[in-house]
Each structure stands twice: as structure tokens, then as C-alpha cells.
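First up is the structure itself, then whatever we jot down about it.
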Amino acid sequence: MIIIGKTEIDETEIRHKSITNKATIPLTEIRDVKIKDPGLISLGTITVIPYYNKLIQITFKKQEKDFAYEVYNYLKSFAQKNKAPINELLKDPTLQSFQCTIHEEKQSMTTEKHTTMENAEVKIFDDRISIEKIGMFSNMDRGKKNVMFKDITSIDLDIGIVNSYVVVTMAGSPGITIQNINKSQLEKFYDVLLYKYDNFVNSKNNHTTNTSNVSDTEELLKWHELKEKGVITEEEFEAKKKMILGL
């Protein structure tokens with residue numbers, strides 16, 4: 001049993017008590033853990049971020065710093081192994097078509113950069129996300145656009161105590177920030193979106209690798225045929241072989 005402040009941690013779960021919060025989190029449901037060192041007059045914090053539940057903050061004093069880092073590393077080891085229950089999430093139709101608020105950074109020819117906020121429905125496909133903007137107080141169509149996975153450089157989840165966001169970054173673009181009042185639903189949407197995006201990237205990389213392997217094989221066959229015809233020597237063929245295979 002580990003005890004730090006008003007928090008108890010055993011081999012299976014965290015039991016946390018504070019003035020405003022009481023929570024029990026299985027270690028298998030930890031998404032991430034962050035730590036902040038104590039300041040001159042402030043306490044340090046270990047923030048435990050679970051899947052689809054409220055995060056908890058464990059406070060510690062300056063003299064407890066070394067022990068706090070041991071606790072942090074222990075919890076982090078679980079976070080690194082845990083994975084989202086993606087098979088269950090993929091069965092939920094509300095995560096494939098998601099109601100949210102979209103934040104976009106824009107700049108016109110006559111004004112400085114500014115951020116717009118619009119209600120939208122975001123749909124996830126195998127190669128893109130589709131964004132359909134709707135009126136704030138009506139279902140009026142305010143424009144549609146597709147964000148292709150091939151143009152996305154990263155998808156991040158920013159979890160806060162008050163608000164959480166999914167941040168989609170694109171090459172040569174300020175990107176898009178997705179927000180929803182229901183933090184649990186937003187996190188589930190993020191997990192589905194990231195799963196689809198990772199599948200797309202891995203599929204693309206495998207295709208590139210396979211194409212490269214075919215090209216290398218064809219190149220080797222060409223030089224082998226030249227060797228068999230006596231156009232090049234065995235030594236020249238071996239040199240070309242090493243160059244093609246990167247040996």
C-alpha cells in the first residue's frame with residue numbers, strides 16, 4: 001500500500017479523497033500521469049488522467065518530492081501499458097458522427113488573426129474527417145469541408161480541469177480545435193479518431209514499403225540478368241546488390 005497525502009494506492013486501484021472530490025480509479029484505466037514540482041509557496045501535484053472519468057490531483061510537499069516521483073513513475077508505468085477499449089468505441093455510432101464546437105484560427109487580408117467558434121457535426125471516415133458547420137441557434141447549413149488524413153501532421157488530446165480539447169494540426173495550416181461540454185464523450189471521440197488516423201498512416205507506410213521492396217527486387221533481377229549474359233562481372237553484380245539492399 002502506498003499512501004501520499006489523502007490518497008491510497010494499492011496493486012489494483014487509486015483511492016483519492018479531498019474536500020471537493022472522492023474517487024476510485026482502477027490502475028488499468030489510467031490514460032496518463034503528469035507531475036508538477038512544488039514552488040516556493042505552492043504544493044507539488046501529481047495529476048492522474050483516467051479514461052472517460054474525472055482526473056484527480058494528488059498534492060505533495062517539497063520534502064516529499066523524491067517519494068512523489070517514485071509514485072509518479074509507478075503510475076506512469078501503468079499508463080504506458082493501458083489502451084483505450086477501441087473495439088467497444090467503434091460500435092458506438094455517436095462517436096462516428098460527433099456534435100461539437102469548432103475553433104479555427106483565420107486571417108483575412110484586412111484584419112489580424114482571429115479565432116472563430118462554430119457549432120458543427122464532425123464525421124470520421126477511413127481517410128478523412130468531414131466537418132459540417134451549423135448555425136449556433138438553428139440547424140442552418142454554414143458550410144462543409146473535408147480534412148484529409150494525408151494532410152494531418154498530428155492529433156492531440158488536451159485534457160484540463162475545466163475544458164478539454166482535441167487539436168488537429170495540418171501542414172501549412174493553423175489546424176482545428178474540437179471542443180465538447182461532455183469531456184468523456186470528447187475523449188472517446190479522440191480515441192476513435194486517432195485509431196482511424198493511425199490505421200491510415202500505417203496502411204500508407206506499408207504500401208510504400210511494399211512498393212519499395214518490389215522495385216528493389218526488379219532492380220536485382222535486372223542486374224542478375226546482365227551478369228548471366230556476361231555483360232557485368234560477378235564482382236560488379238555483388239557491388240550493385242549491396243548498394244540496392246543498403247548493405
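The values are calculated or read from the model by the stated rules, or taken from the named source; none is laboratory data. This one's a predicted model, so the numbers in the text were calculated from it and none came from an experiment. Cβ: placed from backbone, ideal geometry, glycine included. Neighbour counts: every protein chain shown.
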I178 under 28 Å from P50 (Cα atoms) and surrounded by 17 or more Cβ atoms within 10 Å (Cβ to Cβ): yes
Unique residue being touching a residue at least 24 places away in the same chain (Cβ under 8 Å) and in contact with a His (Cβ under 6 Å, 6 or more places away or on another chain) when the list is I25, I56: I56
Criterion: over 19 Å from I159 (Cβ atoms) and part of a loop (DSSP other than H, G, I, E, B) - qualifying residue of S42, S77: S42
Single condition D156 does not satisfy, out of (1) modelled with pLDDT of 90 or more; (2) on the phi > 0 side of the Ramachandran plot: (2)
Candidate set from the range 80-103 (those that are assigned to a helix (DSSP H, G or I) and among the charged types (D, E, K, R)); member that is farthest from V33 (Cα to Cα): E88
Close pairs from the range 188-205: first farther than 27 Å from K54 by Cβ, partner assigned to a helix (DSSP H, G or I) and of a type in the set (A, V, I, L, M, F, W, C), Cβ under 9 Å, at least 6 apart: F200/F149; V201/F149; K204/F149
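Taking the options I14, I25, I49, name whichever one is in contact with a Pro (Cβ under 7 Å, 6 or more places away or on another chain) and either at pLDDT 90 or above or in a helix (DSSP H, G or I) (or both).
I25
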